[in-house]
Amino acid sequence: RTSSPRSVLNAEPRARACDDAPVSSLLCSRETTSGRHAASAEARLLRWSMGRWMAPHGLQSGYCALSGAKSTIALAFSTDGTYFASTHGDHTVKVFDSSSWAIRAVLTGHERTPWTVKFHPRSRRILASGSLDQSVRVWDIERAECIAHHHFLFVVSCISFHPSGTILAVTSGKRISVWRWSSAVKERLSLADR
């Protein structure tokens, strides 16, 4: 049975050395193992991220009040655990600092509710969101701006970065597409230099 976040948080620490391991080794362990070992790696990663996020606040669980947000649809943590992002019924993506829960950026531009959100695998500064408006946007969190945008034929329900970070896999309707979003950014920057 896979542990729920509550049971992982309240569980007695079994392997202290692994709980303090760098997040990259926890992520690697999760991705390179299978079955029972993968579930164990996932639990250690969850314990690490929740402990890092909640320990400074003395919390066992948390609640982040959002004014003006109609509903929250999807969540994602950056690979290093520094940020987490959420999508909302007010058509925004909100990015939070995990240690303080402060809003770092509010990303606007989708015409309908963003349904999925993922952080870039190598840069916590880059985030992608897919929306009911049939588009995917790639954002620069530091500047709070969209750096790449692509329209698909149907509602976008899921996105995933390739480990290189240069490609996004996108589900839109019954189709799976692959978008080289980084090429779109390079092209836009070269046009701006003219």
Can you give the local net charge around residue 119? Use residues other than it whose beta-carbon is closer than 13 angstrom to its beta-carbon, Lys and Arg +1, Asp and Glu -1.
+3
For every other residue with a beta carbon closer than 11 angstrom to the beta carbon of residue 150, add +1 if it is Lys or Arg and -1 if Asp or Glu, then tell me the sum.
+2
What distance in nm separates the two pseudo spin-label positions at residue 37 and residue 143, each 7 Å out from Cα along the beta-carbon direction?
4.3 nm
By how many nm would the segment from residue 184 to residue 106 lengthen if fully extended, with 0.36 nm per residue of separation less the alpha-carbon distance?
25.8 nm
Residue 92: net charge of surrounding residues, Cβ under 14 Å, Lys/Arg +1, Asp/Glu -1, itself excluded?
+1
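No lab work stands behind these numbers, since they all come straight from the coordinates. Predicted model, so just to flag it, every value in this text is computed and none were measured. Positions of Cβ are generated from backbone atoms using ideal geometry, with glycine treated the same way; all protein chains shown enter the neighbour counts.
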